[in-house]
1. Looking at (1) surrounded by 14 or more Cβ atoms within 10 Å (Cβ to Cβ); (2) over 25 Å from GLU245 (Cβ atoms); (3) not assigned by TED's automatic domain parsing to the domain that holds LEU98, can you tell me which one PRO131 breaks?
2. Sort out which residues of the stretch 229-261 are in a loop (DSSP other than H, G, I, E, B), modelled with pLDDT of 95 or more and crowded, with 17+ Cβ neighbours inside 10 Å, and write them in order of number.
3. Condition first: modelled with pLDDT under 70 and in contact with a His (Cβ under 8 Å, 6 or more places away or on another chain). Can you find one or more residues in the stretch 3-22 that meet it?
4. Exactly one condition in (1) of a type in the set (Phe, Trp, Tyr); (2) farther than 30 Å from THR228 by Cβ; (3) modelled with pLDDT under 95 is false for PHE49; which is it?
5. Closer than 26 Å to SER259 by Cβ and among the acidic types (Asp, Glu): does that describe ASP67?
6. Mind listing just one residue for me: the one in the stretch 182-228 that is on the phi < 0 side of the Ramachandran plot and of a type in the set (Gly, Ala, Ser) and, of those, modelled with the lowest pLDDT?
7. State yes or no: is LEU107 surrounded by 14 or more Cβ atoms within 10 Å (Cβ to Cβ), under 28 Å from the mean Cα position of the chain (by Cα) and at pLDDT below 95?
8. Quick check on this structure: which one of GLY119, GLY148, GLY79 is of a type outside the set (D, E, K, R), farther than 23 Å from VAL207 by Cα and in contact with a helix residue (DSSP H, G or I) (Cβ under 9 Å, 6 or more places away or on another chain)?
Amino acid sequence: MSSKIIRQNLSLIVSNMQVDKLYLKQISLTEWYRNIGHKDAESIDQEDFTKRDRLAVLREVIGLPYDKPYKFCASCIAGRVPKFLDYFNTHKSDLCALRLIPKVAGLEKLRMRGKTVEGALEWFDSLDIDPSNYRAEIVPHSDLPLFGTIFVVTENGIFGEIIRGGHHQLTQGFYQNQKPIVFSYNFSDWSMSHEDQEVLEHLKYIVSLLKVTSPEKQQYLSDQLSSTFSHDYLKGYFETTSSVEYPLFFIDYNRILDSTFAEFSFQINKTASRFSGSCASPGVAQGRIRIVSIEEIHTIDFREGEVLACTMTSPDYLPLMQKASAIVTAQGGILSHAAIVSRELAIPCIVGVHELDKLKDGSHIHVNATNGEISLLN
């Protein structure tokens, strides 16, 4: 084997190790909001805790498919009450996700995904918690994902990302094989960062489910859920997943997060220039680039106004993010959790940057996050 191939393989192994370490450190979006001290953190928490209640209403009124949960009080699981045992004995070999939603203010949501119901029960039993403080939701899970999407329906249009494979690649910002496809729909025409007819048809189908032409149904949803509409499309932040077993599930409908993007002038960058990516948070900045690996986060002398460059941000990067004049990442998506937090911090951010590893540490660069371009100044 040539030395060049060996170096390439070693580089790939190191890159995958970096991603694995970062992925293990990822947290939910609501936890990100708490970590930055956002004024709406508590209401965003509550919005997350009640999302399947809203999805259930949408299922009843407009037929929206969602991952309908089996609901139990956590004490019922701990006490192995007959209702839970009936469910367990029927479904113990099924793959699932288990969410423990706090009933007491200040507690964090606890979650596990990808185990069988039997394995999830073992995880539950290992937790050091007071079950009376939680309620539980168990939803189906698949190991054969087809697509995941995150998108926002605003007054001016719909934009977001879709990726082949697991939905977590979008929320956490790490993709394994293919990059996310960025898309937008201005209620008339579609635009995509990469043309793919199968993807486009899937997106058209998803979006069609959110069009509510009946004035009576719009009024009902407005009364029951405080829903709002644009061009008859239900406004909000949405997540979906599809798999071999489950053709389509909506897994989030959030009425708060879309306001973050109300004034976002969204552009799709189709010019794959050397140092280009997707705009996650608009703005322009310049400074010395500091390339920071996960091992260096707590020891590096990162100075105010420098440009933070990394594979992808995780919560450990937050003190550096708050000091940076701009953020550029090799992976990540426009609606990944870290990207949304960059917008809340009002820091220009470009994700999915081509050839980011070719930029030298300490180089003076200009970051135009609005159009997704980076240029060298020296």
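1. Only one criterion is unmet by PRO131, namely (3).
2. LYS235, LEU248 - these are the residues of the stretch 229-261 that are in a loop (DSSP other than H, G, I, E, B), modelled with pLDDT of 95 or more and crowded, with 17+ Cβ neighbours inside 10 Å.
3. Here is the first cut: in the stretch 3-22, the residues modelled with pLDDT under 70 are 3-22.
Remaining after also requiring in contact with a His (Cβ under 8 Å, 6 or more places away or on another chain): none.
Among the residues of the stretch 3-22, not one is modelled with pLDDT under 70 and in contact with a His (Cβ under 8 Å, 6 or more places away or on another chain), which makes the answer no.
4. Condition (2) is where PHE49 drops out.
5. On the way: closer than 26 Å to SER259 by Cβ: yes; among the acidic types (Asp, Glu): yes.
The answer is yes for ASP67.
6. As a first pass, look at the stretch 182-228 and keep what is on the phi < 0 side of the Ramachandran plot: 182-186, 188-225, 227-228.
Filter once more, keeping what is of a type in the set (Gly, Ala, Ser): 184, 188, 191, 193, 208, 214, 222, 227.
Numbers: SER184: 92, SER188: 94, SER191: 92, SER193: 88, SER208: 98, SER214: 98, SER222: 98, SER227: 97.
It comes out as SER193.
7. Working: surrounded by 14 or more Cβ atoms within 10 Å (Cβ to Cβ): yes; under 28 Å from the mean Cα position of the chain (by Cα): yes; at pLDDT below 95: yes.
Yes.
8. Only one candidate passes the filter, namely GLY79.
The values are calculated or read from the model by the stated rules, or taken from the named source; none is laboratory data. For clarity, every value in this text was computed on a predicted model and none was experimentally measured. Note: ideal-geometry Cβ built from the backbone for every residue, glycine included; neighbour counts use all protein chains shown.
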